[in-house]
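A quick write-up on the structure given underneath.
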Amino acid sequence: MTANKPYFTVVIPTYNRAHLIGMTLKSVLTQTFTDFEVIVVDDGGKDDTEAVVKALGSNKVQYFRKENGERGAARNYGWQIANGEYVTFLDSDDLFYADHLQLAYEFMTQLQEKPKCFAQAYEIKDAHTDKVIVSAYQTTQPTINNVLVKGNILSCFGVFLKTELFEEVKFEEDRHFAGSEDWLLWLQLAARYPFFYNNAVSGALLEHDDRSVLSFNEQSLLFRTEHLKQKLGQDTAFLKTFGPRLLKKIHAHMLTYSSLHLAMSREKRKAIYYLQQALKTDYKEIFNRRCLAIIKHILFS
């Protein structure tokens with residue numbers, strides 16, 4: 001690529017993460033593959049993120065501030081102005097390993113043609129101890145289309161998209177849908193293109209006390225369940241590729257997810273209700289390991 005058109009654009013949405021984003025940015029700026037730009041999108045934060053970013057003094061990093069619109073809108077903002085051939089996303093409290101972009105570049109150049117979308121493996125670490133608490137997903141298959149329809153095995157970390165795809169699909173921006181906007185996008189992409197997967201582990205999500213995905217809100221999750229069902233039901237490419245039967249399976253999957261969290265919160269009656277609704281939607285959900293976990297929490301917690 002030319003000096004004005006980097007190969008990769010790394011989009012980092014952030015909200016009041018000044019105490020963390022410096023470490024995240026340093027993990028990007030020390031990449032062995034150097035043909036990239038970084039776009040930091042401050043989603044209406046009120047701390048000194050801008051000062052932290054500018055103190056790094058890197059001409060690879062651009063800082064943009066916008067009104068708060070949740071993470072889907074922040075990612076879209078960065079994606080829309082990206083100059084790279086590919087865009088990838090990094091939360092402001094996670095880390096690239098030094099070879100993250102190099103491994104991605106080597107992976108895509110080994111394929112017969114440049115992929116529209118692919119994901120690269122990551123692990124989850126305890127932010128305090130640096131110990132791996134969840135190992136990276138691994139597969140023997142080149143693509144994960146049929147895996148994604150069974151559940152969201154990805155986060156935004158490690159996903160690489162052709163920048164031009166923004167004209168076709170994008171993250172849902174409804175703030176009430178936050179937490180499921182990534183899975184919806186992966187499903188929409190999986191209905192349209194091969195979704196390749198690289199087993200090389202090249203980064204880490206960091207678990208810490210104020211990580212936003214750790215919270216559970218019943219009404220929010222129920223909204224996300226119905227909204228996901230509605231959006232996919234209106235997606236002709238999804239229905240053509242996977243069919244309405246799979247839409248029911250995804251709906252049931254989301255219902256058991258709600259049931260499990262309610263069971264873990266000792267809301268047993270609600271947990272039973274949503275488990276029943278899931279099984280009415282797709283009785284085969286009973287064979288999912290999640291159902292066993294739900295029953296265990298209902299009976300013994």
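Selection of first residues in segment 170-190 that are of a type in the set (Ser, Thr, Tyr) and of second residues that are assigned to a helix (DSSP H, G or I), restricted to Cβ pairs under 9 Å at least 6 apart or on distinct chains, gives the following pairs, ordered by first then second residue: Ser180/Leu221; Ser180/Arg224; Ser180/Thr225; Ser180/His227; Ser180/Leu228; Ser180/Met254. Here the helices (runs of 4 or more DSSP H) wholly within segment 226-285 that include at least 2 residues being surrounded by fewer than 18 Cβ atoms within 10 Å (Cβ to Cβ), of a type in the set (S, T, N, Q) and without any contact (Cβ under 8 Å) to a residue 24 or more places away in the chain are 268-281.
Among the listed residues Thr24, Thr14, Thr49, identify the single one that is without any contact (Cβ under 8 Å) to a residue 60 or more places away in the chain and buried (at least 17 other Cβ atoms within 10 Å of the Cβ). Quick ask: steps written out before the conclusion?
Values: Thr24 fails: without any contact (Cβ under 8 Å) to a residue 60 or more places away in the chain; Thr14 fails: without any contact (Cβ under 8 Å) to a residue 60 or more places away in the chain.
Exactly one residue qualifies, and that residue is Thr49.
Of the residues in segment 30-43, how many are out of contact with any Pro (no Cβ under 7 Å at 6 or more places or on another chain) and either closer than 22 Å to Ala104 by Cβ or modelled with pLDDT under 95 (or both)? Matching residues across segment 30-43 total 8. Going by what's in this entry, would Phe64 be described as surrounded by fewer than 17 Cβ atoms within 10 Å (Cβ to Cβ), assigned by TED's automatic domain parsing to the domain that holds Cys156 and of a type in the set (Phe, Trp, Tyr)? The answer is yes for Phe64. Consider segment 119-133 and keep the residues that are under 21 Å from Leu103 (Cβ atoms) and surrounded by 12 or more Cβ atoms within 10 Å (Cβ to Cβ). The one that is farthest from the chain's Cα centre (by Cα) is Val132. Being touching a helix residue (DSSP H, G or I) at 6+ places or on another chain (Cβ under 6 Å), closer than 30 Å to Thr24 by Cβ, outside any helix (DSSP H, G or I) and at pLDDT 95 or above: is that true of Ala200 here? Considered against the rule, which asks whether it is touching a helix residue (DSSP H, G or I) at 6+ places or on another chain (Cβ under 6 Å), closer than 30 Å to Thr24 by Cβ, outside any helix (DSSP H, G or I) and at pLDDT 95 or above, Ala200 comes out as yes.
Residues that are in a strand (DSSP E or B) and among the charged types (D, E, K, R) were ranked within segment 114-141; the one that is farthest from Leu189 (Cα to Cα) is Asp126.
Those helices (runs of 4 or more DSSP H) of segment 9-89 in which at least 3 residues are over 21 Å from Leu101 (Cβ atoms) and in contact with a strand residue (DSSP E or B) (Cβ under 8 Å, 6 or more places away or on another chain), considering only elements entirely within it, cover 49-55, 70-80. The residues on offer are Leu232, Leu222, Leu239, and the sole one that is modelled with pLDDT under 95, assigned by TED's automatic domain parsing to the domain that holds Lys280 and on the phi < 0 side of the Ramachandran plot is Leu222.
In segment 265-301, what residues are within 16 Å of Gly151 (Cβ to Cβ) and of a type in the set (D, E, K, R)? Those that are within 16 Å of Gly151 (Cβ to Cβ) and of a type in the set (D, E, K, R): Asp282, Lys284, Glu285, Arg289, Arg290.
Going by the conditions given, is Ser92 hydroxyl-bearing (Ser, Thr, Tyr), over 24 Å from Glu181 (Cβ atoms), in contact with a strand residue (DSSP E or B) (Cβ under 8 Å, 6 or more places away or on another chain) and outside any helix (DSSP H, G or I)? First the steps, then the outcome.
On the way: hydroxyl-bearing (Ser, Thr, Tyr): yes; over 24 Å from Glu181 (Cβ atoms): no; in contact with a strand residue (DSSP E or B) (Cβ under 8 Å, 6 or more places away or on another chain): yes; outside any helix (DSSP H, G or I): yes.
In short, no.
Residues of segment 279-293 that are modelled with pLDDT under 95 and of a type in the set (A, V, I, L, M, F, W, C): Ile286, Phe287, Cys291, Leu292, Ala293.
The values are calculated or read from the model by the stated rules, or taken from the named source; none is laboratory data. Given the structure is predicted, the values throughout are model-derived calculations rather than measurements. Methodologically, a virtual Cβ is constructed for each residue, glycine included, from the backbone with ideal geometry; neighbour enumeration extends over all protein chains shown.
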